[in-house]
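Step one of this worksheet: look at the structure below.
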Amino acid sequence: MDYQGIIIRPPSEANSIILQVTRGCSHNKCTFCGTYKGVRFAFKPEAIVQQDIGFASRYCQRQRRVFITDGDALVCPQRKLLDLFGNIRRQLPWVTRIGLYGNAKSIREKTLEDLKALREAGLGIIYMGLESGDDKTLKRIRKGVNADTMVEMGQRVRQAGIKLSVTVLLGLAGPERSQIHAQATGRVLSAMDPNYVGALSLMVLPNTPLGKDYAEGRFELIGPEAMLAELKSIIAHTRLSGGLFHANHASNYLPVRARLPRDKEAGLCLIDDALRGKIPLRSESLRAL
């Protein structure tokens, strides 16, 4: 398989065939993200992608899912995606689901009918970075869209019958808007009603604009207890029809996994126990992206 640069994928795609179709991120302006800094977004040559699919057809017959990278593969033109999915279906007939990252801006470029066509061609899940439901925080991190647009695009994915996994980021608003960020995020998640929510805890990277702000004293990173307080508020303000809320990423101080609404109270009680010191938190040395 031909992999260029840094390859990232959701934890749930650990056992998937990783197929790199683009390089970089079409937005690449988020202040907290250092993954693709200095990388110019580009589509990989189709010949290389086809070679990789051929490789997978010979050596990846035990893997039932395909995850397409890089940071925002949904930005590919509709016909390009449909052709790609058709090739995957023909050469990897055992694959049961295709997944990819899609930000709100690239989802907005797809009509509901476009998304339905992609679903029928094999697209089973879109991973979307919400980060925050607070407009001021979204503007400061240069996400490029507001909360209303996030909601609209998340709902479009769901209406198309594609599973939606949404990522939120604890600590992103700093101490001054911590709870505003948390509560607004819960309200936006409720309006989206995704199938999955993943909460990560902010780790400031030196090669990012946020890292520079942190080093020069313009951004204050909240501590573990405040991160947990945010997590508690997000869960408390999130109403899902049956989605899975998990905060078991390596960046988090406390692993939480709750099916909402069924496990909401149990999740909140777990966080309360951790805040009271009854449950040890993950040490800084064990946290990772």
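Some observations on this one:
- Helices (runs of 4 or more DSSP H) fully within region 184-277 counting 1 or more residues that are under 28 Å from T35 (Cα atoms) and not aromatic (F, W, Y): 209-215, 224-236
- Restricting attention to region 261-276 and to residues that are without any contact (Cβ under 8 Å) to a residue 40 or more places away in the chain and among the hydrophobic types (A, V, I, L, M, F, W, C), the residue that is surrounded by the most Cβ atoms within 10 Å (Cβ to Cβ) turns out to be L270.
- Any chance G133 is crowded, with 21+ Cβ neighbours inside 10 Å, in contact (Cβ under 8 Å) with a residue 60 or more places away in the chain, among the small types (G, A, S) and at negative phi: no
- L210 vs. criteria touching a residue at least 60 places away in the same chain (Cβ under 8 Å), surrounded by 20 or more Cβ atoms within 10 Å (Cβ to Cβ), over 15 Å from L130 (Cβ atoms) and in contact with a Phe, Trp or Tyr (Cβ under 8 Å, 6 or more places away or on another chain): yes
- Some residue of region 99-115 being of a type in the set (S, T, N, Q), closer than 23 Å to I7 by Cβ and either surrounded by 24 or more Cβ atoms within 10 Å (Cβ to Cβ) or free of Cβ contacts under 8 Å to residues at least 60 places away in the same chain (or both): yes
- If you check G5, G71, G86 for being more than 26 Å from E109 (Cα to Cα) and not aliphatic (A, V, I, L, M), only one passes: G5.
- Residue in region 238-246 that is over 20 Å from R187 (Cα atoms), out of contact with any helix residue (DSSP H, G or I) (no Cβ under 9 Å at 6 or more places or on another chain) and surrounded by 11 or more Cβ atoms within 10 Å (Cβ to Cβ) present: no
- Considering each residue of region 83-90 in turn, none proves to be of a type outside the set (A, V, I, L, M, F, W, C), buried (at least 20 other Cβ atoms within 10 Å of the Cβ) and modelled with pLDDT of 95 or more.
- Take the conditions (1) in contact with a Phe, Trp or Tyr (Cβ under 7 Å, 6 or more places away or on another chain); (2) of a type in the set (S, T, N, Q); (3) over 24 Å from V166 (Cβ atoms); S26 misses just one of them, which is (3).
- Filter result (surrounded by fewer than 16 Cβ atoms within 10 Å (Cβ to Cβ), among the aliphatic types (A, V, I, L, M) and either in contact with a strand residue (DSSP E or B) (Cβ under 9 Å, 6 or more places away or on another chain) or part of a loop (DSSP other than H, G, I, E, B) (or both)) within region 278-289: I279, A288, L289
- The one condition in (1) within 20 Å of A226 (Cα to Cα); (2) surrounded by fewer than 19 Cβ atoms within 10 Å (Cβ to Cβ); (3) touching a residue at least 60 places away in the same chain (Cβ under 8 Å) that R142 fails to fulfil: (1)
- Exactly one residue out of G5, G34 is more than 22 Å from V168 (Cβ to Cβ) and assigned to a loop (DSSP other than H, G, I, E, B), and it is G5.
- Test: residue in region 38-55 that is closer than 26 Å to F219 by Cβ, surrounded by fewer than 19 Cβ atoms within 10 Å (Cβ to Cβ), touching a Phe, Trp or Tyr at 6+ places or on another chain (Cβ under 6 Å) and not hydroxyl-bearing (S, T, Y): no
The values are calculated or read from the model by the stated rules, or taken from the named source; none is laboratory data. Worth saying up front: this structure is predicted, and the values here are computed from it rather than measured. Neighbour counts are summed over all protein chains in view; Cβ atoms, including those assigned to glycine, are modelled from backbone coordinates with ideal geometry.
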